[in-house]
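Since every read-out is calculated from the coordinates, none of them should be taken as a lab result. This is a predicted model, so every value here is computed, not measured. Cβ: placed from backbone, ideal geometry, glycine included. Neighbour counts: every protein chain shown.
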Amino acid sequence: MVVKFDQQARQVKSIQDMYLAGKGGMLVPFKELARIVVERAPVEVRHFDRNRAISIFARADDKVITPLEANARLVERFREIYQRYPGYHLDFRGQFDEFKRAFSDLKVLLVIGLVLVYIMLTAQFKSLVQPLIILFAVPLSFMGAVLALILTQTFQYSRDIWDRGPGRYSG
């Protein structure tokens, strides 16, 4: 039973001394019907997918660790939680979740793009084999270009620029 009181009646003694009407209008002291226990409890209980949940928020300092590395460390650190406390579930979200979702969408878009390019090339060449030759030649030419960069030792310079990213190259 949940009973709400005004500010003055919130003392345990005033609740115990309260009378309730029983059968036939007879007044019964509340302390004879129930035991009053004062405990601490959360103000609200949050739920996620119909399960009780708590949320812990943190922000990774990009200069020290990337959000993906931080998430990987957390997953490794809390791996034993499932064995020690069956029935509990940890769900790591945030930038890591967005990263996974973006890459899964990217895979689908890559397949759709390849199918559309194949359809366009098939319509242009009026052949089913020639578009396949072109589609398989593109990745091989990319690998050849990377191999040429490695052999001419210009790959290291290119990789340094990409590793530092835009705005991070100090010359």
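Summary of computed values
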quantity	calculated
Segment 65-77 - phi-based ³J(HN,Hα) in whole Hz, Karplus 6.51/-1.76/1.60, Gly and Pro as x	8, 7, x, 5, 5, 4, 5, 4, 5, 5, 4, 5, 5
Cα-Cα pairs of segment 15-98 separated by more than 18 Å (percent)	67 percent
Sequence of 122, 154 once ranked by neighbouring C-beta atoms within 10 Å, starting from the fewest	154, 122
Pair residue 89, residue 111: separation of 7 Å Cα→Cβ label points (nm)	2.5 nm
Cross-link partners of residue 23 among lysines (Cα-Cα below 21 Å; sequence separation of 8 or more within a chain)	31
Descending semi-axes in Å of segment 66-142, equivalent ellipsoid built from Cα gyration tensor	44, 13, 11
Cleavage-rule hits (trypsin sites (Lys or Arg not before Pro)) in segment 99-146: DSSP loop, at most 14 neighbouring Cβ within 10 angstrom	126
Coordinate range along principal axes, alpha carbons of segment 4-148, Å, largest first	96, 42, 32
Backbone HN-Hα couplings from phi across segment 13-28 [Karplus 6.51/-1.76/1.60, Hz, Gly and Pro as x]	4, 5, 6, 5, 7, 6, 10, 10, 7, x, 5, x, x, 6, 8, 10
